[in-house]
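J.: What follows is a single structure, and I will ask about it in a moment.
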Amino acid sequence: MKIHIESMGCAKNTADSENLLHQLILHGHEITDNIYDSEVAIINTCGFIQDAVKENINEILDIEELKANGTIKKFIVAGCLYNRYGAELAREFPNVDLFVRSEEWDKIINFLGGNINANCKTIAPALSKNFWTRYLKVSEGCNTLCSYCAIPMIRGRLRSVHLKPLVDRALMLCAAGAKEICLVGQDLTVYGQDFNSGTNFRTMIETLNRELPSGTWLRLLYLHPNRVNEELIDFLMSQDKILHYLDIPIQHADSEILTRMNRPVKPGHLERIFKYIRSVDDLFTLRTTVMTGFPGESEASFARLEDFISEIEFDRLGCFVYSPEEGTKAAYYPDQVDIEIAEERCARLLALQSEISQSRGELFINRELDVLLEEPDSDPESKDIWGRSYRDAPEVDGLVCVSGLDRAKLGDVVKARIYDCVENDLFGEVIN
């Protein structure tokens with residue numbers, strides 16, 4: 001059957017969808033990027049926050065209409081939205097042929113039929129044409145239980161992927177052309193804590209660093225700051241494939257707010273770890289995520305967050321407004337912050353970060369960077385190609401525009417000398 005997959009939400013969902021994609025191809029099904037050319041549509045949903053819920057509901061309604069007018073024959077809804085709303089979702093959408101929870105791909109395979117194709121040569125297919133950058137999910141679920149987060153309700157408790165299949169998957173991604181592997185999970189640092197084998201985050205990193213092909217980029221996304229210390233930082237910097245880039249979501253910097261979030265930190269811990277990283281490598285890229293409008297956030301506590309961001313100077317920062325999620329502890333706190341106040345604070349932080357990002361980018365002018373080439377410039381007359389350096393995680397960070405290219409092609413890694421920057425993006429000339 002000809003099948004189209006829509007993958008919504010985060011990078012972890014992308015990794016899930018590509019695993020399903022692989023199974024479908026192995027069972028003899030054909031995958032199409034064009035939903036109008038498909039017989040079956042599958043949507044792997046996101047239900048993390050209410051904005052995502054609304055977006056996914058609208059997407060389901062659109063695809064349901066395609067089934068009603070005969071454009072597609074079957075419609076399958078999978079993933080987090082069904083994990084979270086289950087029977088309620090099934091009642092609202094009776095024309096959906098199959099609902100399945102996250103990772104219940106065997107139910108989809110059984111529903112669609114097909115036989116294993118022993119002669120199938122496709123390995124690790126990608127949802128995107130950018131197959132040289134791939135996501136590798138190392139675990140599912142979370143045990144941290146932040147008071148605002150619905151993930152444990154949606155995805156359950158921590159379940160790490162065993163090391164051998166994890167390494168096998170990484171090697172398969174590299175064999176399929178990947179030059180950058182982005183490790184994702186709710187929190188990478190707790191990998192293996194649900195095992196009795198002694199396998200943990202460090203052994204996983206050491207094994208991947210040893211086994212993957214020379215030149216592979218390993219990018220670490222989502223590390224809980226409480227489990228990052230100087231010893232761990234030194235260890236990561238000793239691994240030659242680990243990029244000097246860490247995504248460490250702090251969510252806030254006020255100790256009282258962090259305690260109410262169930263993310264308490266020891267006094268001075270956040271300042272110490274980030275300053276230590278920069279003391280070892282002042283060009284190390286730091287990314288974080290923060291939240292405004294959490295219940296009880298006063299102007300004083302927000303000012304502490306603002307001051308912390310000014311002091312640390314993160315290279316990259318994502319900010320979102322608190323969303324009271326049904327079933328979470330924080331949703332029932334009495335001192336909810338007015339949405340207009342939360343949005344105004346978020347805008348202030350993003351304006352501050354814009355200045356910091358520009359300042360950090362200027363540090364790279366007249367320096368050389370390795371750039372993974374990804375996309376031609378939109379001007380058809382231009383030979384420039386946009387790519388990413390170690391500073392830039394896919395989809396969420398900036399880009400590097402490289403000029404002076406001759407024989408280079410998409411997916412190549414070239415060395416460029418940077419001559420200009422604008423907030424999140426750099427501009428460079430290829431060397432040799």
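J.: Provide the FRET efficiency to the nearest 0.05 for the Ala300-Arg227 pair, computing r from the beta carbons and using R0 = 30 Å. Before the final figure, lay out each step's value.
T.: Values: r = 28 Å, r/R0 = 0.94.
The value I calculate is 0.60.
J.: Also, I was wondering about something else. Starting from the Kirkwood radius over alpha-carbon pairs of region 133-362, derive D by Stokes-Einstein at 20 °C in a medium of 1.002 mPa s and give it in µm² s⁻¹. If you can, show how the numbers build up before the last one.
T.: Numbers: Rh = 18.8 Å.
Answer from the Stokes-Einstein relation: 114 µm²/s.
J.: Given the peptides 394-401, 322-329, arrange them by the average over their residues of other C-beta atoms within 10 Å, most packed first.
T.: Details: 394-401: 19.0, 322-329: 17.2.
Averaged packing, sorted descending, gives the order 394-401, 322-329.
J.: Let me ask you something else. Hydropathy first: keep DSSP H helices in the chain averaging at least -1.0 on Kyte-Doolittle, then drop any whose Cα extent along the axis falls short of 30 Å, and list what survives. List each step's numbers first, then the result.
T.: Numbers: long enough: 339-362 (35 Å, -0.33).
Passing helices, by number: 339-362.
J.: Next question, about the same structure. Pop a pseudo-label 7 angstrom from the Cα along the beta-carbon direction at both Asp97 and Met1 and give the gap in nm to one decimal.
T.: Result: 0.3 nm between the two label points.
J.: Take Glu368, Glu313 and order them by how many other Cβ atoms sit within 10 Å, fewest up front. Write out the running numbers ahead of the final one.
T.: Details: Glu368 12, Glu313 16.
Starting with the residue having the fewest Cβ neighbours, the order is Glu368, Glu313.
J.: Could you give the length gained on full extension between Gln239 and Ser359, defined as 0.36 nm per residue of separation minus the Cα-Cα distance, in nm? Before the final figure, lay out the partial values.
T.: Values: separation 120, 0.36 × 120 = 43.20 nm, distance 2.83 nm.
Full-extension gain reported as 40.4 nm.
J.: Only four residue types carry charge here, +1 at the Cβ of Lys and Arg and -1 at the Cβ of Asp and Glu. Report the dipole size of region 155-238 about the Cα centre in Debye, rounded to the nearest 20.
T.: 340 debye
J.: So, one more: Charges only on Cβ, +1 for Lys and Arg, -1 for Asp and Glu: so what's the dipole of the chain about the Cα centre, in debye to the nearest 20? Could the numbers behind the result be given before it?
T.: On the way: 46 positive and 69 negative charges, 357 e Å.
Charge dipole of the chain: 1720 debye, to the nearest 20.
J.: Which whole-number percent of Cα pairs in region 290-401 have a distance greater than 21 Å?
T.: 53 percent
J.: Can you give the Rg to Rh ratio for region 368-430, taking only C-alpha atoms and Rh from Kirkwood? Spell out each step's value before the answer.
T.: Working: Rg = 10.4 Å, Rh = 11.4 Å.
Ratio of gyration radius to Kirkwood radius: 0.92.
J.: A further question on this structure: Rounded to the nearest angstrom and ordered from largest down, what semi-axes does the equivalent ellipsoid of region 215-275 get from its C-alpha gyration tensor (root of 5λ)?
T.: Details: eigenvalues 132, 29, 12 Å².
After scaling each eigenvalue by five and taking roots: 26, 12, 8 Å.
J.: Would you calculate the separation in nanometres between label points at Lys129 and Thr71, each defined as 7 Å from the Cα along the Cα-to-beta-carbon direction?
T.: Calculated label separation equals 2.1 nm.
J.: Follow-up question, since we're still on this one. Convex hull volume of the Cα atoms in the chain, per residue, in Å³?
T.: On the way: hull volume 71.5 nm³, N = 432.
Once divided by residue count, the hull of the chain is 165 Å³.
J.: Quick one: if you stick a label point 7 Å off each Cα along the C-beta vector at Lys409 and Ala347, how many nm between them?
T.: In this crude label model, Lys409 to Ala347 measures out at 4.8 nm.
J.: Under the 0.36 nm per residue contour assumption, what length would be gained going from the current alpha-carbon distance of Tyr36 and Asp194 to full extension? Mind dumping the intermediate values first?
T.: Working: separation 158, 0.36 × 158 = 56.88 nm, distance 4.33 nm.
Answer, rounded to one decimal: 52.6 nm.
J.: Past 29 Å, Cα to Cα, is the threshold; run Lys107/Lys164; Lys164/Lys415; Lys12/Lys383; Lys241/Lys266; Lys12/Lys329; Lys266/Lys329 against it and keep the listed order. Don't skip to the end; give the middle numbers.
T.: Working: Lys107/Lys164 25 Å; Lys164/Lys415 34 Å; Lys12/Lys383 34 Å; Lys241/Lys266 31 Å; Lys12/Lys329 24 Å; Lys266/Lys329 22 Å.
From the list (Lys107/Lys164; Lys164/Lys415; Lys12/Lys383; Lys241/Lys266; Lys12/Lys329; Lys266/Lys329), the Cα-Cα distance tops 29 Å for Lys164/Lys415; Lys12/Lys383; Lys241/Lys266.
J.: If you scale each eigenvalue of the Cα gyration tensor by 5 and take the root, what three semi-axes come out for region 152-218, rounded to whole angstrom and sorted largest first?
T.: Details: eigenvalues 102, 38, 20 Å².
After scaling each eigenvalue by five and taking roots: 23, 14, 10 Å.
J.: Of Lys74, Lys275, Lys164, Lys137, how do they rank once you tally other Cβ atoms within 10 Å and put the fewest first? Intermediate results must be reported in sequence, preceding the final value.
T.: On the way: Lys74 17, Lys275 13, Lys164 10, Lys137 22.
Final ranking by Cβ density, sparse to dense: Lys164, Lys275, Lys74, Lys137.
J.: For the chain, modelled as a GNM with alpha-carbon contacts under 10 angstrom, which of Asn56, Asn209, Asn34 fluctuates the most?
T.: Asn34
J.: Hey, another quick one. What are the semi-axes of the equivalent ellipsoid of region 2-112, taken as the square roots of 5 times the eigenvalues of the Cα gyration tensor, listed largest first and rounded to whole Å? Could you put the intermediate results ahead of the total?
T.: Working: eigenvalues 75, 55, 33 Å².
Ellipsoid semi-axes (Å, largest first): 19, 17, 13.
J.: Determine, for Asp379, Asp392, Asp240, Asp370, the number of other Cβ atoms within 10 Å of each Cβ, and report the residues in order from fewest to most. Write down the numbers at each step before the final one.
T.: Numbers: Asp379 8, Asp392 27, Asp240 11, Asp370 15.
Least to most surrounded, the residues fall as Asp379, Asp240, Asp370, Asp392.
Read-outs: derived from the displayed coordinates by stated rules, not from any lab. In this text the structure is predicted, and so the values were computed from the model without any measurement. All Cβ positions, glycine included, derive from the backbone under ideal geometry; neighbour counts span all protein chains shown.
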